There are 2 protein chains.
Amino acid sequence: MAKTKYTLQDILFPKTVAVIGASRNLSKAGTIILKNLLNHGFKGKIYPVNPKAEEILGLKTYKEIGEIPEKVDVAVVAVKAEKVPKIMEECVKKGVKGTVIISSGFAEEGRKDLEEEILKIAKRKGLRIIGPNTTGVYNTENNFITSFVQLIKSGKGDIAFIAQTGLFLGFQLEHLLTHEKLKLSKVIGLGNKCDIDDAEALNYLRKDKQTKVVAIYLEGLKDGRKFLEEAKKTSASKPIIILKSGITPEGSKVALSHTGSLTGKKEVFNAACKQAGLIQVKTFTEMTTLLKSFSKLPLPKGNKLAVMSVTGAGCVLAADYVSSTNLKITPLSKKTVTHLQSKSPNWHKVKNPVDMWPILEKIGIEEGYKEILYSLYRDKKVDNILIVFGDMKKLEASISNVKPPWKNKPKKPIVATLTGYRSKVERTKEELEKQGIPVYHDIRDSVFALSKLYQYKKYKEKNKESAKREK
Amino acid sequence: MAKTKYTLQDILFPKTVAVIGASRNLSKAGTIILKNLLNHGFKGKIYPVNPKAEEILGLKTYKEIGEIPEKVDVAVVAVKAEKVPKIMEECVKKGVKGTVIISSGFAEEGRKDLEEEILKIAKRKGLRIIGPNTTGVYNTENNFITSFVQLIKSGKGDIAFIAQTGLFLGFQLEHLLTHEKLKLSKVIGLGNKCDIDDAEALNYLRKDKQTKVVAIYLEGLKDGRKFLEEAKKTSASKPIIILKSGITPEGSKVALSHTGSLTGKKEVFNAACKQAGLIQVKTFTEMTTLLKSFSKLPLPKGNKLAVMSVTGAGCVLAADYVSSTNLKITPLSKKTVTHLQSKSPNWHKVKNPVDMWPILEKIGIEEGYKEILYSLYRDKKVDNILIVFGDMKKLEASISNVKPPWKNKPKKPIVATLTGYRSKVERTKEELEKQGIPVYHDIRDSVFALSKLYQYKKYKEKNKESAKREK
């Protein structure tokens, strides 16, 4: 990366932006990009470029980039593919640092030559390219956004995406923001990645202070070795959740015509991921599950898990799911058992999983919940806690009233499962997540999240040790 | 089952019901049962029984069941476990046909003897028992409900539950009704199943005209052979979705103290399920996924699947997920390809999975969606259709405007995946489901549903053949 003049930093933090061209889409792409920049409150200067307009959305519009009366840091390009080389010439002449090429019709449609052409032009002056065939980037620090899908604003968060699909500046982002209330740091949509690729994005995000967790959606890699090197370095300090598609011969064939990707073999990729500490998921749902826990929770000290469930079936299912993971349902400390037994009816024997019901029945929901949560949280034999709730009466009020035994964030990973009447579930979920407890619908998702936190914790430890030995 | 006098029919369709006793719970169980019966509009007569009250919720209350001035069909029993034998004596004397015993404190707490005692009393007059340690039953035909959790009403539907947990007359039911808008026929909550068991419930539901799909949550079985016999007979005409917990040594240990169940070995159970045509799931989420599709969709003719996706990533992921199932992404008929190619820009080559975007871009979302859906639906080389949507602009309106190519229900299984901005997704989902297309959030869930429909279709075929050969 040393030979290139400009970096992702230049593309993500421009002071001046030109938006070149219109309609890649059903609606005018260029116009929506402008709308997004204005709605999100991008603080830099915005210059629309369009040979046929004087003004767009109240912004003075220039016939070509050369006419803009000041230096331009980044050009967002949304013109037909065959026009892009000419635009690139103009950008180079203007001294632009980076282009985000929204246009499609390149390698993914058999025009690899066009990609080579624009890259050659760019390289003359160290101009960098994101794309082509992408929705581009989103930086929540300065509200710079290049998507041609009209999007709502994310609060400043600690989750970054590297995506080889427009989804993360589209539907998938909207899902994360509106269903899961997650907040992002940066989205880097790479498209066909003719220049800036996953490895460079990882390198950048490793050093990015806003980013705590990195998520990658990947179809194919051009330079696997470079990617894995950067991944390994990044995993040493930040978790990387990765969804690799095209992992089957069938999917692989389809990927070729989506982003022109050669996808490689599943087994090779799996082994490489393990070595580089990458946390693999199979679906966007699993990815969301992990992002929430990795963003909200600390890593566990060990694999000892305590379960507290309001339903007997929850205790049984949790034990089933745990048994196929790296976690262990641990015996509780004598102190915890003695204390909780004193809060329980005699006929009930307290053990792990803790069936909460007899205790709640004896001393009330609020008091019972508090006693169990505090006991397990303070139990030194417990590294992780899984709570299984249903939306029973008074639960919402009880959770609001019970001040958790931590400030801001728990010091051990705690996740909850909650199901029931929709509106009640949503309010209670919001309250729990405010307290620092991620909430899932299914017990298996909760167990999955905890087991992956522990997997990553083990990787980090091992990695540290081997780094020491190498010294 | 011939030796017993009364059946599940008597318990599910009582004309007179006595509700005996109070508080098994934090709130008064007996009172909530009464409330449910009144709120749900149970049409039979309701007699509260409580030695200390004259009137409960406006209903004249009797000191004991013997005082009720007419015949009583079913008694719901919610008194302390040790009082149940005396109540059973009174029920037998009164000529009650069935009791639903809500009370806990039996085998699950080491009091197997108490269960044997009440069963012995019941058997003297053919009185039948549901439970003990259960939330009981729910029949949406006559609104007879015995849950001690205050529940909303389900519309009359075609899904029946047999559950060894209270969840299906509690949180889990509320989830199904409020999140997924599913409708039920019957819920039979078996609890410790000292008398009526899964086999008898299956036998009943097989003949129940309201029930099209049966779901079972099972911890343990007392008579595996009998269960599998009934399961096999039922599978021949109705699909059975089963979630078996306690399938690991860890879960098994926990199940023993939940419902006093001995759970048996995973491998044995899996093999038996396969033979009896049971469709196994691992989570309540998977169960819900399948219930929706099995309730709404026909079985496919074959395993040939067409995918239509608005995103390239959707095409790739669908191909990946399909490749590990019994389905095949099929070449489309020449007619379909020619037709859709004529609606597509030249640079794009139509194939399966169908990337919808170029077509939508060229001829508009509404027209494009219609052309693709109609072509695939009418293509004789296509047995199943998977649609991958995002909540793009005008999608909701387009779906409302495009009349589907079927009346009421599609003749081929069609499922959709939809993600994006929450409120928009919910409205569009409602519209699609009204048209007969079940909607899921994740592509893998959609593929899972279709593959299980095909698995069941194959089972039915094979079963029919072997039945013929045996003749």
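No lab work stands behind these numbers, since they all come straight from the coordinates. Only a predicted model underlies this, so the values are computations on that prediction, with no experimental measurement involved. Here the Cβ positions follow ideal geometry from the backbone for every residue, glycine too, while neighbour counts run over all protein chains shown.
Exposed loop sites were defined as GluC sites (Glu not before Pro) in DSSP loop states (anything but H, G, I, E or B) carrying at most 12 other C-beta atoms within 10 Å; in chain B the longest segment without such a site runs B:71-471.
The C-alpha radius of gyration of chain A, expressed as a fraction of 2.2 N^0.38 Å, stands at 1.11.
When you restrict to C-alpha pairs under 8 Å that are six or more residues apart and normalise by the size of the range A:99-146, the relative contact order lands at 45 percent.
Using bins of 20 Å that start at zero, the share of Cα-Cα pairs per bin across the protein assembly as shown amounts to 13, 41, 32, 12, 2, 0, in whole %. Summarising the strand pairing of chain B, around 10 percent of its internal DSSP beta bridges are antiparallel.
Here the 3J(HN,Hα) profile of the range A:427-435, calculated from phi with Karplus coefficients 6.51, -1.76 and 1.60 at θ = phi - 60°, is 5, 5, 4, 4, 5, 4, 5, 4, 7 Hz, Gly and Pro shown as x. Couplings 3J(HN,Hα) of the range A:5-15, computed from phi: 7, 10, 10, 4, 4, 5, 6, 7, 10, x, 8 Hz, in residue order, whole Hz [Karplus 6.51 cos²θ - 1.76 cosθ + 1.60, θ = phi - 60°; x for Gly and Pro].
Backbone amide hydrogens, once placed in the peptide plane, bring A:Ala215 within less than 5 Å of A:Ala160, A:Phe161, A:Ile162, A:Ile241, excluding anything fewer than 5 places away on its chain. Calculated on C-alpha atoms, the gyration radius of the range A:184-260 divided by its Kirkwood radius gives an Rg/Rh of 0.97. Among the residues of B:416-426, the average count of other protein chain beta-carbon atoms within 10 Å of the residue beta-carbon is 4. The residue among A:Val254, A:Thr288, A:Ile437 whose Cα reaches farthest toward the positive pole of the charge dipole of the protein assembly as shown, with charges on the beta-carbon of Lys, Arg, Asp and Glu, is A:Val254.
Of the trypsin sites (Lys or Arg not before Pro) found in the range B:260-321, the ones in coil according to DSSP and having at most 12 other Cβ atoms within 10 Å of their Cβ are B:Lys265.
With a threshold of 25 Å on the Cα-Cα distance, the over-threshold entries among A:Lys45/A:Lys292; B:Lys183/B:Lys462; B:Lys238/B:Lys411; B:Lys212/B:Lys407 are A:Lys45/A:Lys292; B:Lys183/B:Lys462.
Ranking A:Thr338, A:Cys273, B:Gly155 by Cα position along the charge dipole of the protein assembly as shown, where only Lys, Arg, Asp and Glu carry charges on their C-beta atoms, puts A:Cys273 farthest toward the positive end.
Using a cut-off of 24 Å between Cα atoms, the listed pairs B:Lys412/B:Lys460; A:Lys63/A:Lys97; A:Lys349/A:Lys429 include A:Lys349/A:Lys429 as exceeding that distance. Ordering B:Ser104, A:Ser398 from the fewest to the most neighbouring beta carbons within 10 Å gives A:Ser398, B:Ser104. Amide H contacts under 5 Å for B:Tyr47: B:Val17, B:Ala18, B:Val19, restricted to partners 5 or more places along the chain or on a different chain, H placed in the peptide plane at 1.01 Å from N.
Ordered by the count of other Cβ atoms within 10 Å of each Cβ, fewest first, B:Ile68, A:Ile241, A:Ile443 give B:Ile68, A:Ile241, A:Ile443. Cα centroids of the range A:68-138 and the range A:384-436: 48 Å apart. For the protein assembly as shown, the residue among A:Ile363, A:Tyr217, B:Ser104 whose Cα projects farthest onto the positive side of the dipole built from Cβ charges is A:Tyr217. Counting every other Cβ atom within 10 Å of each residue's Cβ, B:His179, A:His348 order from fewest to most as B:His179, A:His348. Shielding of peptide A:440-447 by partners, expressed as the average count of other chain Cβ atoms within 10 Å per residue Cβ, is 3. Its relative contact order, with pairs defined as Cα atoms under 8 Å and 6+ residues apart, puts chain A at 11 percent.
Remark on A:Thr417: its backbone amide H falls under 5 Å from those of A:Ile387, A:Val388, A:Phe389, A:Tyr440, a criterion applied only to residues 5 or more positions apart or on other chains, H modelled at 1.01 Å from N.
Shielding value for B:238-249 is 3, the average number of Cβ atoms from other chains within 10 Å of each residue's Cβ.
Treating only the Cα positions of the range B:37-157 as identical point scatterers, give the base-10 log of I(q)/I(0) from the Debye formula at each q in 0.10, 0.11, 0.18, 0.20 Å⁻¹. Calculated log10 I(q)/I(0) at the listed q: -0.31, -0.38, -1.01, -1.21. Computed from phi, the 3J(HN,Hα) profile of the range B:234-245 under the Karplus parametrisation 6.51, -1.76, 1.60 (θ = phi - 60°) reads 6, 4, 4, 10, 9, x, 10, 9, 10, 10, 9, 9 Hz, with x in place of Gly and Pro. Across all Cα atoms of the range A:342-408, the radius of gyration (one decimal) and Dmax (whole number) stand at 11.9, 37 Å.
Rounded, prolate or oblate: which one fits the range A:298-458, using the alpha carbon gyration tensor with axes a ≥ b ≥ c (rounded when a/c is under 1.5, else prolate when a/b beats b/c, else oblate)? Since a/c stays below 1.5, the shape of the range A:298-458 is classed as rounded.
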